[in-house]
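Asks: Would you mind keeping the following structure in view while I ask a few things?
The values are calculated or read from the model by the stated rules, or taken from the named source; none is laboratory data. All of these numbers come straight from a predicted model, not from anything done at the bench. Methodologically, a virtual Cβ is constructed for each residue, glycine included, from the backbone with ideal geometry; neighbour enumeration extends over all protein chains shown.
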Amino acid sequence: MKRVFVFMAVAAALAGCSGKGRNVVETQAPAGVLTKTVPARSAEIVLSEVYTSEIQPYKENDITPAASGVHIDRILVDVGSKVREGQLLLTLDPTQYNQQMVQLRTLEDDYNRLLPVYEAGGISTQQIEQAKATLDVQREVVGNLMKNIEVRSPLTGVVTARNNEPGDLFTNTPILHVMQINPLKVIANVSEQYFRDVKVGMPVDLHVELFPDREFRGTVSLIYPALDPATRTFTVEVKVPNDAETLRPGMYARTTFDMGRKQGVLVPDVAVQKQVGSSEKYLYVVRDGVAERRAVKVGRQVGDEVDILTGLEPGEQVAVTALSKLSDGVQVEVKEN
């Protein structure tokens, strides 16, 4: 009887263990990683590029007489003065000009006296040529001085610097600086991939932080023919009308170039991962309950989505949650919305 009782107790114990095992299996987590997916969608993407640039004067000039060592007689404008092209800005002391003019007349008289003597055979050809050369040099000196007695503005603009006062001796420092501020220009360094898209006359939008509620419009006026090999960019000059003179040189502006439209493949930006230690980017495509790691090339950001340039087709299901638990070939269970 004792043996039968022991046998029955062992059997009961084994049955109890077997029941516990069945309960563990029934409460196990799903075999696959639980994730949520969204389909990659096809959409038209606006190709706009924004560059931060400094507004510059369209043209600018240092006002410097051709000859140094001349005293300044009058300065007729000051910093902030608006000037027109050809307007008289300053005059120089005419004393040196008058002295050189007297010497020129003396040389002319000497040459005119020598010329008939030469024609009569009284002096050599070398002597008359030397007299003529001396006269020509003096005429050039007087001509240069005459140009510098009255100095005029080469452009229409505003005076932005004045470095001298009447009576100063002009050396090499520019007396005045004039900037043309209507129009203005902005220089942008554009990525080489858009070299064929940017054209002269192309409209460009400008936004300035000082005027956040206003939009200014310019046009491409010049495209530099060579690319910078270090940055892989090319330089574009944008001409900006400034009739009201609201904008000023030195302001920072964001220039927006509209490069057209293209059909893209968009996915949420959270789906794209970056490989540690490299520039590779990837995401996980879910197909038939299996995750596939897919290397992709990423384009521009569009809101909270990114454009996938290569590696993905529209309609493919892309994982957007539990990404740290996924790996290539792992079983997944797609969470329903």
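Asks: Pairs only if they're at least six apart or on different chains, beta carbon under 8 angstrom, first in the range 59-80 and without any contact (Cβ under 8 Å) to a residue 24 or more places away in the chain and under 30 Å from Val240 (Cβ atoms), second surrounded by 12 or more Cβ atoms within 10 Å (Cβ to Cβ) and not hydroxyl-bearing (Ser, Thr, Tyr); list them, first residue then second.
Replies: Leu76/Leu88; Leu76/Leu89; Leu76/Leu90
Asks: Kindly indicate whether any position in the range 206-216 is in a loop (DSSP other than H, G, I, E, B) and without any contact (Cβ under 8 Å) to a residue 24 or more places away in the chain.
Replies: No, there is no match, as no residue in the range 206-216 is in a loop (DSSP other than H, G, I, E, B) and without any contact (Cβ under 8 Å) to a residue 24 or more places away in the chain.
Asks: Would you mention how many residues in the range 44-62 are of a type outside the set (Lys, Arg) and modelled with pLDDT of 95 or more?
Replies: 7
Asks: Within the range 47-68, how many residues are under 23 Å from Asn163 (Cβ atoms) and aromatic (Phe, Trp, Tyr)?
Replies: Step one: list which residues in the range 47-68 are under 23 Å from Asn163 (Cβ atoms), which gives 56-68.
So of that shortlist, the ones also aromatic (Phe, Trp, Tyr) come out as 58.
Number satisfying all stated conditions: 1.
Asks: Same structure, new question: Residue by residue through the range 157-179, note down the ones that are buried (at least 16 other Cβ atoms within 10 Å of the Cβ) and either among the polar types (S, T, N, Q) or part of a loop (DSSP other than H, G, I, E, B) (or both).
Replies: Taking the range 157-179 and keeping what is buried (at least 16 other Cβ atoms within 10 Å of the Cβ), we get 157-160, 162, 164, 170, 174-179.
Within the range 157-179, Thr160, Asn164, Pro174, Ile175 meet the criteria.
Asks: Regarding the range 295-314, can at least one residue be identified that is in contact with a Phe, Trp or Tyr (Cβ under 9 Å, 6 or more places away or on another chain), in a strand (DSSP E or B) and surrounded by fewer than 16 Cβ atoms within 10 Å (Cβ to Cβ)? Explain how you work it out, then say what you get.
Replies: Just the residues of the range 295-314 that are in contact with a Phe, Trp or Tyr (Cβ under 9 Å, 6 or more places away or on another chain), to begin with: 295-296, 311.
Retained after the next criterion (residues that are in a strand (DSSP E or B)): 295-296.
Those still in the list that are surrounded by fewer than 16 Cβ atoms within 10 Å (Cβ to Cβ) too: 295.
Yes, some residue in the range 295-314 is in contact with a Phe, Trp or Tyr (Cβ under 9 Å, 6 or more places away or on another chain), in a strand (DSSP E or B) and surrounded by fewer than 16 Cβ atoms within 10 Å (Cβ to Cβ).
Asks: Take Lys262 and tell me if it is modelled with pLDDT under 95 and under 30 Å from Val33 (Cβ atoms).
Replies: Numbers: modelled with pLDDT under 95: yes; under 30 Å from Val33 (Cβ atoms): no.
When the stated conditions are applied, Lys262 does not pass them.
Asks: Residues in the range 239-276 that are in contact (Cβ under 8 Å) with a residue 60 or more places away in the chain and within 30 Å of Asn182 (Cβ to Cβ): how many?
Replies: 18
Asks: May I pose another question? For Pro212, are the conditions met, namely being within 23 Å of Ser81 (Cβ to Cβ), at pLDDT 90 or above and surrounded by fewer than 19 Cβ atoms within 10 Å (Cβ to Cβ)?
Replies: Considered against the rule, which asks whether it is within 23 Å of Ser81 (Cβ to Cβ), at pLDDT 90 or above and surrounded by fewer than 19 Cβ atoms within 10 Å (Cβ to Cβ), Pro212 comes out as no.
Asks: Considering only the range 39-68, state which residues are under 30 Å from Thr91 (Cβ atoms), charged (D, E, K, R) and surrounded by 15 or more Cβ atoms within 10 Å (Cβ to Cβ).
Replies: Within the range 39-68, Lys59, Glu60 qualify.
Asks: Sort through Asn98, Asn172, Asn163, Asn182 and tell me the only one that's within 30 Å of Phe216 (Cβ to Cβ) and under 54 Å from the mean Cα position of the chain (by Cα). Show your work before the answer.
Replies: On the way: Asn98 fails: within 30 Å of Phe216 (Cβ to Cβ); Asn172 fails: within 30 Å of Phe216 (Cβ to Cβ); Asn163 fails: within 30 Å of Phe216 (Cβ to Cβ).
Being within 30 Å of Phe216 (Cβ to Cβ) and under 54 Å from the mean Cα position of the chain (by Cα) holds for just one of Asn98, Asn172, Asn163, Asn182, which is Asn182.
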